[in-house]
Amino acid sequence: MHKVLSKEMGMTRCKSDPCVWIFDARTNEIRLKGLKKDQTNGLHIKLAAHVDDFLITTNSKTKCLAWMQVLGKHLTMKYDELTERPRDYMSLTMYYDRSKRLLKLSQKPYVEKLLRMHNLTELKGCPTPIIVDHNFCVASQPEEVDVERRNKYRSMVAALNWVVQFTCPEGTLAISTLSRFFDNPSKDMWNGATRALRYMKWKIDNKIEGLEFNGMPFKTKGVYHEEFDWIKRNQITAYSDASFLPKELADKS
């Protein structure tokens, strides 16, 4: 893929993120086989890749479609029509407001789909993703494997892990703990996975699901949004040792 994007499509790989490629013909002329000069002049494309999924942004819908037709000759692709705003990518629903420098990520449709898949739509939400005094350990696993429960458990916990990676970081401890028992989960462990999903339902019910990323406001033309006052009041600089090594192997400082 890198060879196609760099050599055939005229893209440059981003140094700070190897999963991002950039095509920028706004200042320098880039000629591509199969496209006329006026089809690339001024074109700016950013492509983010996750395994075999692409997210593409551009400054010209018409020119980008022509560029993608050429790309389709090198890679087998299936894509939806280009939209003014991205709707869904990798189960992420995105909303942004450039004037306020606001980006919001949501996985509400994905969580609701999980609830339907496991017939848990009627369950009441709960305000915490895991109970404090749980006893999840190898000794608490049953002697015999319940294959049906194991398969459902693996499916649910793996899906929940996708959610905590992007929009529910506070659920990481719960899902990390539950992920240790994929081979033979007990009934209590299954209930623990259900509780984590109930927590995500609780967040949806209370309209606090998702993550918001706020940049500092633009300073042009004296424009300032009151919504950004909280940024100045709540800035924190912190350092953390996140090596996750066992105590005997942890770096000493």
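The values are calculated or read from the model by the stated rules, or taken from the named source; none is laboratory data. Since the structure is predicted, the reported quantities are computational estimates derived from the model, not experimental observations. Positions of Cβ are backbone-derived with ideal geometry, glycine not excepted, and every protein chain shown enters the neighbour counts.
Restricting attention to the stretch 45-81, and to residues there that are assigned to a loop (DSSP other than H, G, I, E, B) and of a type in the set (A, V, I, L, M, F, W, C), which single residue is surrounded by the fewest Cβ atoms within 10 Å (Cβ to Cβ)?
51
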### Message
I'd like the full set of residues that are in contact with a Leu (Cβ under 8 Å, 6 or more places away or on another chain) and farther than 26 Å from residue 27 by Cα, limited to the stretch 59-81.
### Response
77
### Summary
With criteria (1) among the aromatic types (Phe, Trp, Tyr); (2) under 24 Å from the mean Cα position of the chain (by Cα); (3) within 24 Å of residue 2 (Cβ to Cβ), residue 95 comes up short on (3)
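To keep it simple, each residue is scored yes or no on (1) within 30 Å of residue 49 (Cα to Cα); (2) among the charged types (D, E, K, R); (3) at pLDDT 90 or above.
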| site | (1), (2), (3) |
| --- | --- |
| 102 | yes, no, no |
| 105 | yes, no, no |
| 115 | yes, no, yes |
| 118 | no, no, yes |
| 130 | no, no, yes |
| 137 | no, no, yes |
| 142 | no, no, yes |
| 146 | no, yes, yes |
| 149 | no, yes, yes |
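Which one of these is in a loop (DSSP other than H, G, I, E, B), more than 30 Å from residue 168 (Cβ to Cβ) and out of contact with any helix residue (DSSP H, G or I) (no Cβ under 6 Å at 6 or more places or on another chain): 29, 122? Let's see the steps before the verdict.
Values: 122 fails: more than 30 Å from residue 168 (Cβ to Cβ).
Only one candidate qualifies: 29.
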